[in-house]
Amino acid sequence: MTPIDNLATLLSKLPGLGPRSARRAVLHLFKNKEKLFQPLIVALQQTLYSIKICEICGNLDTSSPCNICSDQRRPHDQICVVEEVADLWAIERSGLFKGMYHVLGGTLSAMDGRGPDQLGIPKLFKRAEGLKEVILATNATVDGQTTAFYITEQLKPLNIPVTRIAYGIPVGGELDYLDEGTLGAALKSRQSM
Ligand SMILES: [Zn+2]
């Protein structure tokens, strides 16, 4: 395999890129050697060796605790629960949420053998005391809903207000694919569980 084919094959394994768009990406990189190709190589290496999983919320960042968890200007008594880091980043892009996050790393799923312990759920309960609000922003899929209901039930004895993001999320919809406006509306109109 030539280096070019190799690069195209590797790129085609990225989410959202098929073989065709991977080849187009390779061409685009060659055409923009200084502006894009070189900086991309540097950025890939820097990230590879500096990326960490936040010990508190599960976010990916270059430090642990991450920038969000260590930001004292953000309220620490409001936690938004998401399935994946991509969802956290999507909500951050909307700019409408200023509190803390908790990344589960998936959903409860009997079929795939994922129980509360496989997700960050016990860790969430440890963070729960004294919270003003837990916002459940799991996806509007069956597993996402099941996970939201499970967390709600478990948090009830602690008397913490639990809300669920609402309007604008299509059933079966995944957060990461929503535009910022829709996601913002869903967050604003969250409802009590
Ligand atoms: Zn964090």
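Summary table below
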quantity: Sole exception among (1) modelled with pLDDT of 95 or more; (2) within 14 Å of the ligand (Cβ to nearest atom); (3) out of contact with any strand residue (DSSP E or B) (no Cβ under 7 Å at 6 or more places or on another chain) for residue 102, by number; calculated: (3)
quantity: Counted residues, the stretch 45-88 - those being on the phi < 0 side of the Ramachandran plot and out of contact with any Asp or Glu (no Cβ under 8 Å at 6 or more places or on another chain); calculated: 30
quantity: Close pairs from the stretch 67-92: first free of Cβ contacts under 8 Å to residues at least 12 places away in the same chain, partner among the polar types (S, T, N, Q), Cβ under 8 Å, at least 6 apart; calculated: 70/63
quantity: Residues of the stretch 69-91 satisfying the condition of being within 13 Å of the chain's Cα centre (by Cα) and buried (at least 17 other Cβ atoms within 10 Å of the Cβ); calculated: 80, 81, 82, 83, 84, 85, 87, 88, 90, 91
quantity: Residue within the stretch 46-57 that is small (Gly, Ala, Ser), more than 27 Å from residue 163 (Cα to Cα) and at pLDDT 95 or above present; calculated: no
quantity: Options 105, 113, 181; residue that is surrounded by 13 or more Cβ atoms within 10 Å (Cβ to Cβ) and assigned by TED's automatic domain parsing to the domain that holds residue 81; calculated: 105
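The values are calculated or read from the model by the stated rules, or taken from the named source; none is laboratory data. Everything numeric in this text was worked out from a predicted model, so none of it was measured. Ideal geometry is used to build each Cβ from the backbone, glycine not excepted, and the neighbour counts take in all protein chains shown.
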